[in-house]
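Structure first, then comments.
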Amino acid sequence: MAERIIKLPDVGEGVAEAEIVELHVKPGDPVREGDVLAAVMTDKATVEIPSPAEGRVLRIAFEVGQKAAVGSELMSIEIGEAAAKPVQRGQGREAVPPRDVEEMAAAAAVAAERLHEKPAGKASLKAPEPRPAVRALDTLTMIKPADRPLAAPAVRAFAREHGVDLRFVKGSGPAGRIQREDVEAYIARADQAASPASGLVANTAVEEIKIIGLRRKIAQRMQDTKRRIPHFSYIEEVDVTDLEALRSDVNATKKSGRPRLTVLPFLMRALAMALRQYPQMNARFDDETDTLYRHGGAHIGIAVQTPSGLMVTVVRHAEARTIWECAGEVQRLSEAARSGGATREELTGSTITITSLGALGGIASTPIINAPEVAIVGVNKIAMRPVWRGSAFEPRKIMNLSSSFDHRIIDGWEAAEFIQHLRSLLETPAKIFMET
């Protein structure tokens, strides 16, 4: 019998660490050569780590959600007789062909260039089913929840089993330590407090969910962006009645094979034209070197909601694309992002972003800038509203644009002028097709 150490390979240039997002084995499990042992994520890329040989798992150095440095030990396996029962692979995965350790590391680095997104982290602790008799005593006890209630592991397990949140239990032990008797008394009081007339049962279960993988990266990015960038938001309504009429006519006569047009490709074309007049909006700001990089090409980021979380795909050189080409590229990139097949290049390098919630767009929003960009344009839903035109009210289709700007780079006056120019293009859609 021999022990073999599985280390985290170099999964990409400049990458020093990766997050453990999946573990497919546990100590004692038999594995075959090529079986997937774990999955790690770095910079939104998920890489599967295969077993280099047949054997049995001895130990695992990390838990899901922890970060490991490149070259550090992930786990070890005992090389010996074939495992009696091979570990089950994840659904839809294929075994990696046999190869030596160096080839595996190289394969992992190549795999990091593509995104195989996994579902957001699931509950690390599944909350038990609460007893029907246990009701919430928050309003009865009037106890302020403790941040970290003192209790022995056995007491915590007993509380979880009965669906009791220890933060609302008053401890009778030393320094307020919660005893099993305190939990039992809490349950008894809850039984007495329940209203027999209503027959309703309060659900006091607390589910603990570890935020890992892409969800954690989104959280960190949003937090850093809001902390570092002073946002200036500007909301304006746009009369898109004529634009909607044009879009309807074009869709009715479109050639076979072309995608159905939404408002988005028209907005992309209008935005690309507006950026010619306001190039400072089409930029990326490095606040560590105090350098602003203005771009000639309009590389428009399109926010896409995927099963794994929010991702921004990039339509490069929108200024050189037709309405149909913009629509087709948006459709292709959105499908790739949702299926986990978008490449790193398709998810990086945008110079300005459009975010839209479609029919859920609401009246207004305050979108967060996709750093290091300096502007983001938010699209709200279209609604029919009465508009005074000359001598009478007319029903018009109105859509709000909710945009945010980096106030370190963009002044409020500039932002307002930019949106007003964009508005004029959308309200007179013929201008979108005029090259000036």
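Data for the structure
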item: Within segment 216-243, tally of residues that are small (Gly, Ala, Ser) and surrounded by 15 or more Cβ atoms within 10 Å (Cβ to Cβ); result: 1
item: Qualifying residue in segment 191-212 (condition: surrounded by 14 or more Cβ atoms within 10 Å (Cβ to Cβ), assigned to a helix (DSSP H, G or I) and of a type outside the set (A, V, I, L, M, F, W, C)); result: no
item: Failed item, numbered, when ILE20 is tested on (1) of a type in the set (Val, Ile, Thr); (2) more than 31 Å from the chain's Cα centre (by Cα); (3) modelled with pLDDT of 90 or more; result: (2)
item: Selection from segment 311-359 of residues that are free of Cβ contacts under 8 Å to residues at least 40 places away in the same chain and of a type in the set (Asp, Glu); result: GLU325, GLU329, GLU335, GLU345, GLU346
item: Those residues of segment 397-414 which are farther than 15 Å from ALA270 by Cβ, crowded, with 22+ Cβ neighbours inside 10 Å and of a type in the set (Gly, Ala, Ser), in sequence order; result: SER402, SER404
item: Residue within segment 405-424 that is free of Cβ contacts under 8 Å to residues at least 12 places away in the same chain, among the acidic types (Asp, Glu), under 27 Å from LEU333 (Cβ atoms) and part of a loop (DSSP other than H, G, I, E, B) present; result: no
item: Test: residue in segment 50-71 that is of a type outside the set (A, V, I, L, M, F, W, C), more than 32 Å from the chain's Cα centre (by Cα), on the phi > 0 side of the Ramachandran plot and surrounded by fewer than 18 Cβ atoms within 10 Å (Cβ to Cβ); result: no
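The values are calculated or read from the model by the stated rules, or taken from the named source; none is laboratory data. The shown structure was predicted, so the numbers you read here are calculated from the model rather than taken from an experiment. Virtual Cβ from ideal backbone geometry, glycine too; neighbours counted across all protein chains shown.
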